[in-house]
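Step one of this worksheet: look at the structure below.
The values are calculated or read from the model by the stated rules, or taken from the named source; none is laboratory data. It should be emphasised that the depicted structure is a prediction, and the values quoted were computed from it without experimental measurement. Glycine also receives a Cβ, built like all others from the backbone with ideal geometry; neighbour counts cover every protein chain displayed. All accessible areas refer to the heavy atoms of the entire protein, side chains included, with ligands and DNA or RNA removed. Shrake-Rupley method; radii C 1.70, N 1.55, O 1.52, S 1.80 Å.
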Amino acid sequence: MEIATLITAVLVMIAVLVLGIGAVFVLGRLNDDSPTKKKRRKPPRKASSGPPQSREKYNWLIGRSGSVEGKTFHVGKRLGTIGRGLGNFIQISDENSSHVHAQFRGAASGMQIKDMGSSNGTLVNDEKIEEDSFHSLNDGDKIKIGDTVFVYWKTGDFQDEALTGKKSVKASQQKHTHAVGAIGAGGLQQQVREAVEQADGDYEKAAATLGLDPEVIATIVAASESKQEA
């Protein structure tokens, strides 16, 4: 009788223990699923201590007269040309300008321009600059090519017409030979060959460096090679 009572007591204790563990587990799950339970918050991101990023870019030419009036051209760090020819980075419709009239090069420190042996010369602030010699520009300088006028600004945030605008093609410019002859006369063939060599034969890379179309680069190289063979 005493043994039976003892066994019953042990079984009751085990049952109570099991029920207690089960109750704790159920309550824990209910607590986890409760909508009122606060989620762990992520620490706020630290604000950048650096200066705000500026949208301004270096070296702009702003058209003030002629076919480029009101247009804006981002030069940046490019090496390119201005003239009537289709292959120029900035093409102008000006009968008093040459096919490849002037060349520019940009850098973070500023921009320079030189005349490419044009018929009427290149003027900066109404003074003719020397041929084949780069002239450094200052903010607000006026560049005159034929009857077309640009104003130079070192920094700005404008729309780049050289990338978004369409270049016009006249009947006299539809053949690449015309562009090649004009560029060759301007002394740019050597620069094209050097740019292609530096780009390891990559015409697109050389074109981006000079501000010309890759097709024009290919045509100039082919014409140059043909001339050398002759």
Worksheet entry | In nm, spacing of pseudo-spin labels at LEU123 and VAL151 (7 Å Cα→C-beta vector) | 1.7
Item to complete: Leaving ligands, DNA and RNA out of it, rank TYR152, TYR203, TYR58 by accessible area with a 1.4 Å probe, largest first.
Response: TYR58, TYR203, TYR152
Item to complete: Determine the alpha carbon to alpha carbon distance for each of LYS57/LYS128; LYS71/LYS205; LYS71/LYS144; LYS77/LYS142; LYS128/LYS205 and list only those over 24 Å.
Response: LYS57/LYS128; LYS71/LYS205; LYS128/LYS205
Practice prompt. Count neighbours as other Cβ atoms within 10 Å of each site's Cβ, and list the GluC sites (Glu not before Pro) in the stretch 89-146 that are DSSP loop with at most 16 such neighbours.
Written response: GLU95, GLU130
Worksheet item: So how do VAL16, VAL124 rank on accessible area, 1.4 Å probe, biggest first, that is with the largest at the start?
Response: VAL16, VAL124
